[in-house]
1. Go through LYS724/LYS749; LYS77/LYS279; LYS55/LYS120; LYS673/LYS734 and tell me which ones have a Cα-Cα distance over 21 Å in this structure.
2. Quickly work out the GLU327-to-MET221 label distance, labels modelled 7 Å from Cα along the C-beta direction, and quote it in nm with one decimal.
3. Under the rule a/c < 1.5 gives rounded, and otherwise a/b versus b/c splits prolate from oblate, where does segment 262-358 land using the Cα gyration tensor?
4. Determine the gain in length on full extension of the stretch GLU1017-ILE981; use 0.36 nm per residue of separation and subtract their C-alpha separation, reporting nm with one decimal.
5. Return a single number: how many Lys pairs in segment 139-251, at a sequence separation of 8 or more or on separate chains, have alpha-carbon atoms below 26 angstrom apart.
6. First check a/c for segment 362-410, with a ≥ b ≥ c the square roots of the eigenvalues of its C-alpha gyration tensor; if it is under 1.5, answer rounded, and if not, answer prolate when a/b is larger than b/c or oblate otherwise.
7. Going by average Cβ neighbours within 10 Å, how do the peptides 285-294, 398-407, 373-382 rank, with the highest at the top?
8. Considering the zone a paramagnetic label at ASN378 would reach in this model (a point 7 Å from Cα along the Cα-to-Cβ line), which residues of segment 500-539 have amide N under 17 Å from it?
Amino acid sequence: MPSIIAARRANPLLNSLPHFLTWRSLGFRTICSGRLGFAPSDTDPDPPVSSSGSKFLESFKEEFEIGSRLITFETGKIARFANGSVVLGMEQTKVLSTVTSSKGDSVRDFLPLTVDYQEKQFAQGVIPSSFMRREGAPKERELLCGRLIDRPIRPLFPAGFYHEVQVMASVLSSDGKQDPDVMAANATSAALMLSDIPWGGPIGVIRIGRICGKFVVNPTMDELRLSDLNLVYACTKDKTLMIDAQAREISEKDLEAGLRLAHPEAVKFLEPQIRLAAKAGKHKKDYKLSLVSDRTLETVRKLTEAKIEAVFTDPSYGKFERGEALENIAQEVKRTLEEECDTESLTVLPKVVDRVRKEIVRKRIIAEGFRVDGRRLNEVRPLYCEAGYLPNLHGSSIFSRGDTQVLCTVTLGAPGDAQRLDSLVGPPTKRFMLHYSFPPFSINEVGKRVGLNRREVGHGTLAEKALLAVLPPENDFPYTIRINSEVMASDGSTSMATVCGGSMALMDAGIPLQEHVAGVSVGLVSEVDPSTGEFKDYRILTDILGLEDHLGDMDFKIAGTHKGVTAIQLDIKPAGIPLDIICECLEPALKGRLHILDYMKQEISVPRSQDHRNPPRLATLKFSNDTLRRLIGPLGVLKRKIEEETGARMSVSDGTLTVVAKNQTVMERVQEKIDFIVGREIEVGGIYKGIVTSIKEYGAFVEFNGGQQGLLHISELTHEPLSKISDVISVGQKLSLMCIGQDVRGNIKLSLKATLPQLRSEKDNVTERPVSVNKEASKVWASVGNMPNEQEEQKPTVDELEVSRSIGNPSTSSVPAFLIRSPAECDKEDKTVILNRGSKSKSKTSRASKWDSKQKANVPESDDSNSSIFSSVLSSHTVDNLNQQEEQKSTVDELEVSRSMGNPSTSSISAFQIRSAVECDEDKTVRLNRGSKSNSKTLRASKLGRRRKANVPESDAEVGPPLSAKTLEVGMKVAAKVYQIRTHGLVLDLGGGVRGMYRFETNEKRDFEIGDELLVECISFSSKGVPVLSLVDDE
């Protein structure tokens, strides 16, 4: 070979041969034209002789227009060695389809047709994002497109053609406007027409959409997003081959109109293929067909017909009993043929027996109108529905129709759990997934579980399309939803059972479906004239068995709601069915679907509430991008740490943080951590959790809300006077605090006592006002069933404070009980204090218990978050008060103080403080204090309060709306508390976070205490807007 090349380079005359020595001058076509043979006499003029080193590729092209778009078929330029190859182009999208066939004659009884569809990323100018940077195993979309090509071309291969055929379709380029699946199917039809493989084509495949009630032929991907119908229709010149549709509850009438429009549009693909095959097609090769002889068929029919008919006419047989009886008949025939040494019949015996079964069943259905299990033609098998079969899951259901049974489960996740789609067209993610599984035990067989199965993917996608139409919009329901359909038993139409079970499982999970969706499979048994192929008679079957699917002509699956159809899939076995018969099947399918829907609604008709369960929680929070960066941390360290500590999952998008937790407890933990890192907007009255960072003489500084600092003043620790802060809190302690205000400089003021219960005396009972807190609300999906669309305010309430606790159980610690007496009760008592854990005095104990039970209804419990601090303060005050009473040597009949010191984990203190009738009359209140100094100050403050409030009109004392800086006006009289005592005046708390100042007058008595209640009047405002107040004097 190198010597020839060198000779050509040395002698250029060898590169330009005379025309009379070329292939065309001898009347032969080149191999590049697709066929080697004599050229017709009326060929075109020869092209000019090419220059040195160039090669001429002869190609053929057909152009036509469908749906206002130019379509081209081209062959001969690439993939010339394939049996048939065609490139179909539409605008900038090009698809190559090739067809090959095996050369040898292998013994089979089926057609081994393989269709491979592949979308490589180079078609859109992208390098794959996988680790190996190359395409891997077929994706779901590629398997579905392969099925879309396989289903219409398989019925057109001649009977007995069992040679292996492989179709490979590849997308060469894609502009993202057209879906290449329909283009690949038409290119495959053209490639089969060009090949030498016997095939009864051509076929045409078309896509129909509907936008605003108008049908659109060959819609683009953008138009499909607006369409309520995505119909793919395949046909020959006069018969339907395949239908695959997804719709949004389209009526049967509109669906029929779409089918009748699709047929003439699909036929437009046929003529260009015929013209292309006439130009560049190969002669069809005579392949050996595996046909059954008439003698063998007649021999087996005589031996089996009567016995098989007896089995099929007995409706008491179940699926496996019937199958076992038929297998026994086949074995008897086999032994008979072995005795007769009929080798020819033994070779094709299974196929012949199956053919005899088919003839008997079809004849009985057409002649008598009865089916294998004794049902009428339009009768649905018995149904069984159960929702909530697995209560610990988000949603579950069991659906049975006859012997077919499926178990469906629903799992919810965050938006980040959506499936990522790496396809050339369509959306990048998918938030609703339905995974269909067909295990071998469902048909009592032994099998191996491998990867993706084409049948499982196809059935799952059909059910997914059917349910997608009734799901709530993503803006209203941001969950990612996954349905698992596990086939427990199979006897026909498990995909439609998956639709029914999936719909019930979604409602069991609390997902607000628009309506229930159900599906039913419709079959066809026909009698065809073998000479003309025309249908002489036929019967339509509703809800077909697996045997009727195998022996019948059609499996027409239709799913939808009461309003209309949501999904369709049609598969046929003969070489086409008239469109009129297809449209006639829509009516019995509707009746069967409505019957199933009514039965499903009896089990569950509305989305179930999740209050009785522990469903997942989802919260959507809005933050700035800077705040989200702080939350995620460097390289996502903080985000991963929160997920590891809580078990929740967090996903971040532009300005949005989505949190999914397994239950409400986990959600609260995550929100606490988020609030601590990033904080939230400070609101007066809001409850925040913080950590004590430092302690001063006048209060403590607390870090909260994502690093913000606030002051917890000593006066805001407890309701009682306190001398030492370290007795109550310590550095590093976690507290729940309320924001009570911000000063003009933006300093945040916090309060602990505002979250604690307060004891007040009102005549003979003790009442406490719970603190009302407006907690920040985020968009939290409290449960799947009860989804708030708006933010709700959560107001935690303080628990009731126990007044009387049992001190007889040493295993539980008790808070001291405070017994407050009225003046009348003080006169009746013997002025004795008894601290008793036993039952020394039955009369006194019974009297105290009666009083306790009387007071329990009006005394709320303390808040659990700060109850330990409150209890410790009250206990210290109680002990100090007892010591003070001992020092004063009050007249008591019996004093017994008993504290359990042996077990530090349990302690109980009971103290009863008795005041005289005079003190009760003077003070009208009972307080726990530490000494006589506190008692005198309290009494003096009480007298001062009475003096200031003596002449207040009733209108001034009435409680009005909450005070704020905007509502306060000059001349307004309000009640205030002493917040701080300074050298030249007082800082008064007017409520609602408003602070005012009062300046001391000359020679005015300054016997004020923090917490004193005063009646003041606003006389002016300072330059900074601070209210200036004056005391209301007695008139």
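The values are calculated or read from the model by the stated rules, or taken from the named source; none is laboratory data. Remember, it's a predicted structure, so these values are computed and weren't measured experimentally. Here Cβ is always computed from backbone atoms with ideal geometry, including for glycine, and neighbour counts include all displayed protein chains. These accessible areas exclude ligands, DNA and RNA; they are computed on the full protein's heavy atoms, side chains included. Shrake-Rupley method; radii C 1.70, N 1.55, O 1.52, S 1.80 Å.
1. LYS55/LYS120
2. 4.9 nm
3. It comes out oblate by the Cα gyration axes.
4. Numbers: separation 36, 0.36 × 36 = 12.96 nm, distance 1.84 nm.
Value of the extension gain: 11.1 nm.
5. Numbers: LYS139/LYS177; LYS177/LYS214; LYS214/LYS237; LYS214/LYS239.
Lysine pair count for segment 139-251: 4.
6. The shape class here is prolate.
7. 398-407, 373-382, 285-294
8. So the set is 520-525, 538-539.
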